[in-house]
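The block underneath contains the structure these notes are about, expressed in structure tokens.
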Amino acid sequence: MIRTSHGALERLVEAARRLPGTSAEALRVPTEVEAEVPAPTAVALQRAVGVLLRTLAARVEETLPGALERARRAWDQVDAIVLLDRPLRRQAKALLAGAAALRAAADPVARALGLEAALTLESALGLC
């Protein structure tokens with residue numbers, strides 16, 4: 001079972017590495033304090049999702065080897081890693097809200113890109 005999970009995580013890491021985008025700060029998602037900020041454009045949302053996936057991938061690369069080693073010694077410790085902390089969870093929630101806003105847009109391309117972002121986020125977060 002570890003090999004299957006590890007393979008899925010490796011594929012996620014590789015997919016995140018191939019995503020286009022810029023720095024996390026340049027694509028920062030508005031926080032609750034900045035709730036007045038309008039919904040992101042489709043391109044900005046795609047880039048921000050890419051940044052989030054790269055962040056998750058980096059955390060997986062950093063923590064997975066130790067978690068797998070601990071699991072060999074004590075199976076009940078296999079899930080002792082935290083990939084999605086509170087700030088990253090807030091960012092993911094804001095991105096999902098942005099995806100929902102795009103899915104409600106009049107433009108069919110924007111709706112499709114909103115759906116794409118939502119499915120990507122839900123899939124990635126489901127692995128965490």
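Taken together, the values in this text are just the output of simple stated rules run on the coordinates, not laboratory data. Please read all numbers here as calculations on a predicted model, not as lab measurements. A quick note on method: Cβ atoms are made from the backbone with ideal geometry, for glycine too, and the neighbour counts reach across all protein chains shown.
What the table below lists for this structure:
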| read-out | value |
| --- | --- |
| Pairwise FRET efficiency - L127 versus A44, Cβ, R0 = 22 Å, nearest 0.05 | 0.35 |
| Peptides ranked, highest mean first, by Cβ atoms within 10 Å: ranges 46-55, 88-97 | 46-55, 88-97 |
| Inter-probe distance in nm under a simple model that places probes 7 Å from Cα toward Cβ, at A112 and R70 | 4.4 nm |
| Residue-by-residue Karplus 3J(HN,Hα) for the stretch 110-123, coefficients 6.51, -1.76, 1.60, Hz, glycine and proline x | 4, 4, 5, 5, x, 5, 4, 5, 4, 5, 4, 4, 4, 5 |
